[in-house]
1. Within the set of pairs 6 or more residues apart or between chains, which connect a residue that is free of Cβ contacts under 8 Å to residues at least 24 places away in the same chain inside segment 18-41 to a residue that is assigned to a loop (DSSP other than H, G, I, E, B) and open to solvent by less than 60 Å² (accessible area, probe 1.4 Å) with Cβ atoms less than 7 Å apart?
2. Could you look through segment 1-28, keep only residues that are of a type in the set (A, V, I, L, M, F, W, C) and in contact with a Pro (Cβ under 9 Å, 6 or more places away or on another chain), and pick out the one that is nearest to Val53 (Cα to Cα)?
3. Across segment 37-59, what is the total count of residues that are exposed (fewer than 13 other Cβ atoms within 10 Å of the Cβ) and touching a helix residue (DSSP H, G or I) at 6+ places or on another chain (Cβ under 6 Å)?
4. For segment 51-64, does any single residue satisfy the condition of being free of Cβ contacts under 8 Å to residues at least 12 places away in the same chain and more than 15 Å from the chain's Cα centre (by Cα)?
5. Residues in segment 1-19 that are assigned to a loop (DSSP other than H, G, I, E, B) and either under 15 Å from Leu79 (Cβ atoms) or open to solvent by less than 70 Å² (accessible area, probe 1.4 Å) (or both): how many?
6. Take segment 27-82 and flag every residue that is farther than 18 Å from Val15 by Cβ, part of a strand (DSSP E or B) and in contact with a Cys (Cβ under 9 Å, 6 or more places away or on another chain).
7. Exactly one of (1) within 15 Å of the chain's Cα centre (by Cα); (2) in a helix (DSSP H, G or I); (3) of a type outside the set (A, V, I, L, M); (4) closer than 14 Å to Val3 by Cα is unmet by Arg22. Its number?
Amino acid sequence: VDVFQAWCGPCKAVVSLFQKIRNQVGSDLLHFAVAEVDSIDALEKYRGQCEPVFLFYREGELVAVVRGADAPLLQKTILKHM
């Protein structure tokens with residue numbers, strides 16, 4: 001989940017990375033979503049930050065958080081939890 005604030009928008013730079021990985025591993029295994037922190041109370045702790053935050057869930061549980069648009073780290077995190 002790409003967690004963003006309304007004033008900065010979702011991180012478009014990593015969309016192609018997620019699409020590439022999704023094509024490699026299969027579309028049924030990897031899902032990408034965006035969530036605006038200002039409209040979701042459960043994400044309140046991510047408000048006021050200017051860097052992108054990516055939350056990784058597996059079977060409904062939060063398994064990892066990556067701060068910043070670090071493509072190699074995002075790819076490593078995705079593959080680790082697949």
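1. Arg22/Leu30
2. Looking at residues that are of a type in the set (A, V, I, L, M, F, W, C) and in contact with a Pro (Cβ under 9 Å, 6 or more places away or on another chain), I get Val3.
3. 1
4. Within segment 51-64, one or more residues are free of Cβ contacts under 8 Å to residues at least 12 places away in the same chain and more than 15 Å from the chain's Cα centre (by Cα).
5. Final tally of qualifying residues: 7.
6. none
7. Answer for Arg22: the failing condition is (4).
The values are calculated or read from the model by the stated rules, or taken from the named source; none is laboratory data. No experiment lies behind these values; they were computed from the predicted model shown. Neighbour counts run over all protein chains shown; Cβ positions are idealised from the backbone, glycine included. Calculation scope for accessible area: heavy atoms of the full protein, side chains included, ligands and nucleic acids excluded. Shrake-Rupley method; radii C 1.70, N 1.55, O 1.52, S 1.80 Å.
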